[in-house]
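The values are calculated or read from the model by the stated rules, or taken from the named source; none is laboratory data. The structure displayed is predicted, hence computed values, not measured ones. As a convention, Cβ positions derive from the backbone with ideal geometry for all residues, glycine included, and neighbour counts pool all protein chains shown. Just the protein is used for accessible areas: all its heavy atoms, side chains included, with ligands, DNA and RNA removed. Shrake-Rupley method; radii C 1.70, N 1.55, O 1.52, S 1.80 Å.
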Amino acid sequence: MHTNSSPQMAIIGAGPYGLATAAHLRAAKIEICVFGKPMEFWENQMPEGMLLRSSWDACHIADPHRASTLDNYSATQSVPVPRPVPLDRFIDYGRWFQKRIVPDVDPRRVVGVEMTGRGFQLILNDGDSVRVQRVVVATGIGPFARRPPQFVGLPSTLISHSSEHRNLKRFAGQRMAVVGAGQSALETAALLHEIGAEVELVARQPKVRWLDQKMRWLKSEANPIRPLLYPRTDVGPPGLNLIVATPELFKRLPRPLQEKIAYRSIRPAGTGWLVPRVRNVRITTGVAVNSVRANGECLSLDLSDGSKRALDHVMLATGYQVDVSRYGFLSTGVLRALHVNYGYPELTTGFESSVPGLYFVGAPAARSFGPLCRFVSGTPFTARVLTRSILAKKGNGFQRNCF
Ligand SMILES: Cc1cc2nc3c(=O)[nH]c(=O)nc-3n(C[C@H](O)[C@H](O)[C@H](O)COP(=O)(O)OP(=O)(O)OC[C@H]3O[C@@H](n4cnc5c(N)ncnc54)[C@H](O)[C@@H]3O)c2cc1C
């Protein structure tokens, strides 16, 4: 069955990037439809009790009139939003944004995107389909959880990725290892410790890096030149953060330099406010997990320092690896026509892929525009530039306005 109306563009995904892009396209009077459950990834694949790593100023979802910022949301609440921003308040902010700006989000999943002669056909999970001229893929990192090979093939009751959990309470009293050394690993270890698990953090890195520990005075509100040193985007260390905050510049840099900047800006580290919360967590750094064996309902881990661990569960906080071929909805025809490097689509300065009319935003755009695209603070740049590039296309039949 076909849906009756055929808007010009479809946005797949209603997380921060899909919502910000929808807000900008709609303000530019471009007819759009948005698919997906609003803020679903944040609700289902992050742990209850989590606090956002990003600073307040980096948590605004972009709307062109700046009327739906986190500040505006907080002002409407009987209990103001604390800092750092708690996960549940951020989810509520995202939904508040959605209801104000894109109240007509269609919660159905897109299960197929096929090229037609004049655009795309989207197949929805209930069998409906819709034809559009252009598609924006804003479906995040959900399918990209990274599982190192030694952990593959074991039952999910024994080994899981942090993205598989919302509620950690079932691990109370269990012997756990969290593998990783980034914010997610450290915060998961803290949350597990706080609910009464016996938890150890195991990491290959020689030590845990903490952010905001040195040069605290530079970052303090009292420092008059703080805005010059620390852009609101809040990605990367001083100096590099200015490049990361300028994705047009990042895109023009030579590849080896881009890689160095990207690595240095998002290498594993924890925010300073986690330090006291992991004080009583056992942290073992400089070791790799060589092998893992299941013994009935338990696990045995061999570490590279020769020691062993007997555990009830291992939680992988080993991050995400973008690979757009794992978006199950892209048809073979689309994937064949898509130019991809190391899992990332090649994108023009307007976020368009090698398939004309098909755009990617969020983490899949990070190889082209830099690590800013992995964070909410990349939504203003992305939504603005993508909308302008669509408006600039000649003969596209879209109305121009003063956006
Ligand atoms: C533990 C953790 C902590 C994080 N903390 C921060 C932080 O503090 N600050 C920050 O800026 N970033 C943080 N991030 C990164 C965060 O995931 C991204 O900033 C943000 O989610 C990017 O938004 P998005 O819209 O690209 O993706 P998402 O928020 O993942 O939204 C994508 C949406 O698409 C939907 N979708 C997927 N497939 C389909 C389909 N086939 N059909 C319809 N809809 C679909 C999903 O349901 C989802 O709602 C964190 C990530 C993790 C894992």
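Per-structure values
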quantity	calculated
Members of the range 262-282 found to be farther than 18 Å from G370 by Cβ and surrounded by fewer than 18 Cβ atoms within 10 Å (Cβ to Cβ), listed by number	G272, W273, V275, P276, R277, R279, N280, R282
Number of the condition not met by N341 [criteria: (1) open to solvent by 20 Å² or more (accessible area, probe 1.4 Å); (2) in contact (Cβ under 8 Å) with a residue 40 or more places away in the chain; (3) away from the ligand (no atom under 13 Å from the Cβ); (4) not hydroxyl-bearing (S, T, Y)]	(2)
Residues located in the range 132-160, provided they are buried (at least 18 other Cβ atoms within 10 Å of the Cβ), under 16 Å from G18 (Cα atoms) and within 14 Å of the ligand (Cβ to nearest atom)	V135, V136, V137, A138, T139, G140, I141
Residues of the range 96-120 satisfying the condition of being outside any strand (DSSP E or B) and away from the ligand (no atom under 11 Å from the Cβ)	W96, F97, K99, R100, I101, V102, P103, D104, G117, R118
Condition broken by V355, with the remaining ones in (1) away from the ligand (no atom under 14 Å from the Cβ); (2) over 29 Å from E259 (Cβ atoms) satisfied	(2)
Residue list for the range 367-381, restricted to those being within 15 Å of the chain's Cα centre (by Cα) and either open to solvent by less than 10 Å² (accessible area, probe 1.4 Å) or more than 14 Å from the ligand (Cβ to nearest atom) (or both)	R367, F369, G370, P371, L372, C373, G378, T379
Test: A10 is in contact with a Cys (Cβ under 6 Å, 6 or more places away or on another chain) and either open to solvent by 60 Å² or more (accessible area, probe 1.4 Å) or within 15 Å of the ligand (Cβ to nearest atom) (or both)	yes
Residue count, the range 195-230 (criterion: at pLDDT 95 or above and either in a loop (DSSP other than H, G, I, E, B) or among the charged types (D, E, K, R) (or both))	12
Count of residues meeting criterion [open to solvent by 10 Å² or more (accessible area, probe 1.4 Å) and part of a loop (DSSP other than H, G, I, E, B)] in the range 18-51	11
Those residues of the range 283-319 which are within 30 Å of V111 (Cα to Cα) and either open to solvent by 60 Å² or more (accessible area, probe 1.4 Å) or not aliphatic (A, V, I, L, M) (or both), in sequence order	T318, G319
Any hit, the range 202-218, residues being of a type in the set (V, I, T) and closer than 28 Å to G286 by Cβ	yes
Lone qualifier among A181, A172, A189 - being touching a Gly at 6+ places or on another chain (Cβ under 6 Å) and of a type in the set (G, A, S)	A172
V322 being among the hydrophobic types (A, V, I, L, M, F, W, C), part of a loop (DSSP other than H, G, I, E, B), surrounded by fewer than 19 Cβ atoms within 10 Å (Cβ to Cβ) and touching a strand residue (DSSP E or B) at 6+ places or on another chain (Cβ under 9 Å)	no
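Rundown of residues vs (1) in contact with a His (Cβ under 9 Å, 6 or more places away or on another chain); (2) not aliphatic (A, V, I, L, M), yes/no style:
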{"position": "V137", "(1), (2)": "no, no"}
{"position": "G142", "(1), (2)": "no, yes"}
{"position": "R147", "(1), (2)": "yes, yes"}
{"position": "V152", "(1), (2)": "no, no"}
{"position": "L158", "(1), (2)": "yes, no"}
{"position": "E164", "(1), (2)": "no, yes"}
{"position": "R170", "(1), (2)": "no, yes"}
